[in-house]
Structure formats: C-alpha cells, structure tokens
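Heads up: the structure comes next, in structure tokens.
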Amino acid sequence: MRERYASGIDDATAQKMSDLLNANLANVIDLTLDGKQCHWNLQGTGFIGVHQLLDDTADRLREVSDMIAERIVILGGEPNGLASRVAKDSILNDYPTNITEVPEHVRELTGRYKKVAATLREAIEAAGDAGDEDTADLFTEASRVIDKDAWFIGANAPKK
C-alpha cells in the first residue's frame, strides 16, 4: 500500500476498506457504462427527456467514482478502474444490446441502479462495523445519489 493520509485507521482496516471501495468502484463504473449504452440506443416516445437525463446521471456517477477512488488513495490503496477489472468484478451482467424502446431501457437501467445501491448499503454497514465512519459516510452519499437517479430514471416508466 501507498502512504496513508487517513489518521486513526490501522493498516488492516485500511486494506479492507480499500478492497471494499474498489469492489464498489467496479460496480459504479459499470453502471456508468450501462447508462451510456442505454443513452446511445434509446428510441421511442419520451426519448429526448430520458436521453438528456442519462447524460446528467452519467456525470453524477463519474463524481461518485472519483469520490470512491480518492478515498482509496487516502487510505493508501490503489484505485483500479481498468476495463478488465470492471468486467471481471462488477456485480452487473452485461447490458442487453437487443432492446431499444424507452420503457425497456428504463426498466433495465432502474433495476441496475437499485442493485448497485443495495450493494452500497451493504458496504455502509461493513465500513461502520470496521470502524471507518468516513468510508461509511462516503458509501451513504453514493447510495443517496444512486437511489435518487434510480427514481429519476424509473419515473419515466409507463404507468400500469
């Protein structure tokens, strides 16, 4: 590990948190790419609003990725956002390439956001249990951003 900038955190905890952060970094990067895949292939009624929304959500996800990566460095770890690592470690399956309609994409992407948010909530608990409240707080903020964007995207689903 590199030099640690977080005081009061022992090496074992810093390593554990770096690993947990890197696992979630892979998920957030993958979710960002899924959003762009959707953005590029979206068609149908409601297209322009969702298309523009997905640019905004991608920007927020990139901010979350940066926040996670910076915390890894603060803990003395090395953020790993390489495409090969993301593909190997993300909890998300490949985004379907055979869908085009807005409602299909909205359902698919909303489900993915919820899955990543659930993993972040598990990480909040793990970081708190490890005594790293700063990392727990970071995961809390990330889950808030992703929950809100899941709601924004999901609000575009047709009413049943």
Computed accessible area, GLU78, all protein chains, 1.4 angstrom probe, square angstrom: 120 Å²
Inter-label distance, nm, simple model (7 Å from Cα along the C-beta direction), ASP137/LYS36: 3.1 nm
Debye log10 I(q)/I(0) for the range 1-47, one point scatterer per Cα, at q = 0.13, 0.14, 0.20, 0.29 Å⁻¹: -0.50, -0.54, -0.73, -1.00
Most fluctuating residue given options LYS88, LYS148, LYS114, as computed from a GNM of the chain linking Cα atoms under 10 Å: LYS88
Alpha-carbon centroid distance for the pair the range 67-94 / the range 108-138, whole angstrom: 14 Å
Label zone at ALA87 (point 7 Å along Cα-to-Cβ), backbone N below 20 Å, the range 12-31: 23-31
Two-decimal Rg/Rh across the range 71-160, once Rg and the Kirkwood Rh are taken from alpha-carbon atoms: 1.05
1.4 Å probe accessible area per residue over the range 12-83, in Å²: 44 Å²
Chain lengthening between GLU63 and GLU101 when straightened (0.36 nm per residue, less Cα-Cα): 10.9 nm
Accessible surface of the chain [probe 1.4 Å, protein heavy atoms]: carbon and sulfur percent: 50 percent
Heavy-atom accessible area order for LYS160, LYS115, largest first, 1.4 Å probe: LYS160, LYS115
Cα Rg over Rh - the chain, Kirkwood: 1.03
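The values are calculated or read from the model by the stated rules, or taken from the named source; none is laboratory data. This one's a predicted model, so the numbers in the text were calculated from it and none came from an experiment. All Cβ positions, glycine included, derive from the backbone under ideal geometry; neighbour counts span all protein chains shown. When the accessible area is computed, the model is the full protein with side chains, heavy atoms only, and any ligands, DNA or RNA have been set aside. Shrake-Rupley method; radii C 1.70, N 1.55, O 1.52, S 1.80 Å.
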